[in-house]
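Worksheet: the structure to be examined is printed underneath.
What follows is calculated from the coordinates using simple rules that are stated; it is not laboratory data. As the structure is a computational prediction, the values presented were derived from the model and not from experiment. No Cβ is skipped: glycine too gets one built from the backbone with ideal geometry, and neighbour counts run over all protein chains shown.
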Amino acid sequence: MPDATVPIAAPLSPAPDALSGKTLARSPWAESWAIFRRNRAALLGLALLTAVALLLMFAPRFYAIDPFEIVGSPNTPPGTEAPLGTDFLGRDVLAGIVVGGRPTVMVGFCAALITTLIGITIGALSGYYGRMTDRLLGRVIEFFQVLPALLFAMVLITLFAPSFFTVTLAIGLVAWPSMARLTRAEFLRIRQLDYVRSARSIGASDARIILRTILPNALPPIIVSATLATGTAILFEAGLSFLGLTDPNIMSWGLMVGSGRTHLREAWWAVTFPGMCIFITVLGICLVGDGLNDAFNPKLRQR
Amino acid sequence: MTAATAVVEQPLLQITHLEVCFDTWNGRTKVLDDVSFDLNAGETLCIVGESGCGKSMTALALMGLVPQPDGHITGGKILYRGQDLVQLRPEARRQLRGNAMAMIFQEPLSSLNPVYPVGEQIAEVLRTHKGMTRKDAHDRAIELLRQVRIPEAERRVREFPHQFSGGMRQRVMIAIALACNPKILIADEPTTALDVTVQAQIFDLLQDLREAHNTALILITHDMGAVAELADRVLVMYAGRKVEEGSVEDILLRPAHPYTRGLLQCRPDLKLGVLPPRHDLPEIPGVVPPLYDLPPGCAFAPRCPVVQNDCQTKPPSMLPAPVALTQAGLQSIPVVREFEAPPHRAACVWLAANRQETAA
């Protein structure tokens with residue numbers, strides 16, 4: 001049992017020892033981190049993400065080969081000529097992985113950020129004010145929700161030339177409704193709690209109640225959802241690249257999988273390695289997301 | 001100070017014919033009907049009655065916190081220093097909350113925001129209303145925690161609500177409520193969720209702070225012990241209406257309305273060393289009628305032990321009480337009234353009838 005090393009009865013919140021008088025003020029965030037720290041799967045996810053991040057940050061410096069340059073004969077298997085082989089044009093696969101990760105991950109993060117910002121704003125207003133605001137914003141949410149995501153993104157990208165900006169925006173715009181619904185539900189739940197009523201009774205303004213009283217309490221599920229949204233956005237970007245809808249002048253993992261797929265039988269490495277990279281990144285994000293979900297779950301919190 | 005004496009004559013808060021309605025599935029329901037009372041600076045007014053009689057709704061209406069969007073103040077005035085709070089713009093109303101009037105709720109366990117240290121929550125009021133800097137507000141928060149007798153205030157000010165016991169959390173709530181030295185403090189069953197031993201401490205604390213700051217206290221409770229200990233005046237409510245009001249002596253010693261008498265009898269009389277006989281506790285038969293389906297006359301009529309024919313026709317109006325009661329079954333106490341005692345009045349047909357008998 002690997003868990004045997006973890007002291008089960010260790011108090012998560014410091015025992016209020018009246019004699020020593022030494023209680024540490026620990027915020028709910030600190031308690032969640034204490035739970036997260038013991039979650040092996042979540043730590044593995046964090047390690048995977050750290051590895052990917054380090055690779056993307058520093059590897060291009062040590063492996064400075066242009067991913068578009070033809071370095072050898074086509075479809076060279078992994079070996080001395082190219083560590084991970086070359087693709088059907090003779091381009092270095094490792095160079096593609098090292099350079100192509102950045103746009104993939106950046107698009108993922110930025111799109112998730114857009115998703116989260118729009119989702120929180122619309123969801124918070126809708127859930128807090130209710131009534132007409134809710135009905136109006138509810139229709140907006142539904143409108144975006146019933147749009148076929150891939151088609152909508154494809155249309156956006158074809159209307160405006162494919163670039164980092166349009167791809168990110170397209171992905172961000174199709175994903176926010178679920179975030180808005182989640183935020184709305186949290187606001188609906190929290191706005192009728194006692195501490196919101198007491199905030200109102202001390203004369204806090206609406207803006208203050210939304211931003212300072214309710215939002216911090218609504219954040220845990222939003223953070224989990226934002227994490228998972230990053231994974232989804234990365235997959236979405238890979239999907240768009242695979243279909244050739246992103247800027248072909250920017251190397252990305254999805255692009256590599258897409259361009260290599262016709263030559264899969266001759267050069268499995270040109271598809272498999274970038275595919276693995278996408279898989280590992282998204283897996284890491286999902287593990288961290290699940291870990292956060294557990295860490296924020298009050299039912300798993302022991303006192 | 002001499003100029004102010006004329007103002008002191010006027011009550012701090014004058015509530016006249018307050019009416020609050022709720023839109024429900026059963027149509028528009030009146031939850032407060034013709035509620036009028038005054039509150040003087042520095043006095044303690046207790047509002048008593050069963051659950052659902054409109055005590056809490058009165059408090060919320062005073063605070064301007066009638067639940068939206070279903071609740072409405074449909075009539076009456078709340079005069080505070082000559083201005084009608086009912087007509088006040090929401091923004092001006094908000095400025096008064098926590099500043100001129102503050103409220104303590106029933107559930108100290110859930111009334112504090114779990115994600116902030118308690119000190120920050122006290123500081124927030126001060127920064128909202130007094131424009132204090134972060135540092136000043138923090139220092140004042142420590143001072144306030146000391147005032148509500150929380151030991152080691154310097155350390156505890158940084159702790160989170162879950163690190164406090166129920167009684168301690170209610171003290172923090174009191175500190176938040178008193179932070180801006182409000183003129184009016186409304187406490188809605190502040191000790192219902194607490195231990196008996198802690199209850200006494202909280203009541204003592206409220207009493208001391210009230211005296212120290214000359215704050216008027218509206219205490220909503222069904223704890224008659226607390227009423228006896230704290231109240232100057234008592235207001236008895238039933239089904240959204242006021243049924244009796246008077247000084248604490250009048251209400252506790254010479255209750256006039258059958259409902260008040262019932263309430264007072266429904267308490268186990270515990271004395272040290274004497275076990276009260278089992279199954280001997282009187283109760284008021286029946287329940288409070290649903291507010292959307294009140295009888296046309298006195299709302300208490302269906303449960304009243306001395307119900308008359310006239311009770312069924314129209315709601316009785318408030319008449320001076322007490323009267324020397326002649327009817328058997330209800331204890332009659334001779335009336336000795338001090339000159340300046342607040343008016344003791346009750347809304348009861350039966351009382352009015354008996355009054356005429358004695359007058360004759």
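List of remarks:
- Take B:16-24, B:287-295 and order them by the average number of nearby Cβ atoms within 10 Å per residue, most first; the result is B:16-24, B:287-295.
- Per-residue shielding of A:254-264, expressed as the average number of other chain Cβ atoms within 10 Å of the residue Cβ, stands at 0.
- Each Lys and Arg Cβ is given +1 and each Asp and Glu Cβ -1; about its Cα centre, the protein assembly as shown then shows a dipole of about 500 debye.
- Seen from A:Glu81, the other residues with C-beta closer than 15 Å to its C-beta sum to a net charge of -2, counting Lys and Arg as +1 and Asp and Glu as -1.
- Gyration tensor (alpha-carbon) shape descriptor, region A:22-167, a/c threshold 1.5: oblate
- Chain B shape via C-alpha gyration tensor axes, a/c threshold 1.5: prolate
- Nearest-ten-degree value, helix B:349-359 long axis tilted from longest Cα axis of chain B: 60 degrees
- Taking the DSSP bridge list for the protein assembly as shown and keeping only pairs wholly inside it, about 65 percent are antiparallel.
- Distances between every pair of Cα atoms in the protein assembly as shown, grouped in 20 Å steps from 0 to the bin holding the largest one, split as 15, 36, 27, 15, 6, 1, 0 percent.
- Only the Cβ atoms of Lys and Arg (+1) and of Asp and Glu (-1) were treated as charged; on that basis the dipole of region B:36-123 about its Cα centre amounts to roughly 280 debye.
- Flagged links, alpha-carbon separation over 24 Å, of B:Lys30/B:Lys314; B:Lys55/B:Lys77; B:Lys77/B:Lys130; B:Lys77/B:Lys242: B:Lys77/B:Lys130
- GNM remark for chain B: springs join alpha carbons under 10 Å apart, and the peak mean-square fluctuation among B:Phe160, B:Phe300, B:Phe105 falls on B:Phe160.
- Toward the positive end of the charge dipole of chain A, with +1 on the Cβ of Lys and Arg and -1 on the Cβ of Asp and Glu, the farthest Cα among A:Ala149, A:Phe88, A:Tyr128 is that of A:Tyr128.
- Relative to the dominant Cα principal axis of chain B, helix B:134-147 is inclined by about 50°.
- Between region A:229-303 and region B:70-88, the Cα center-to-center distance that results, in Å: 60 Å
- Percent antiparallel among DSSP beta bridges (both partners in region B:117-263, rounded to 5): 55 percent
- Rounded to 10°, Cα long-axis angle of helix B:118-129 versus longest principal axis of chain B: 80 degrees
- Measuring between their Cα centroids, region B:188-219 and region A:95-126 lie 52 Å from each other.
- For the segment B:154-167, counting C-beta atoms of other chains within 10 Å of every residue's C-beta and taking the mean gives 3.
- Per residue of peptide B:113-120, the mean number of Cβ atoms on other chains within 10 Å of the residue Cβ is 5.
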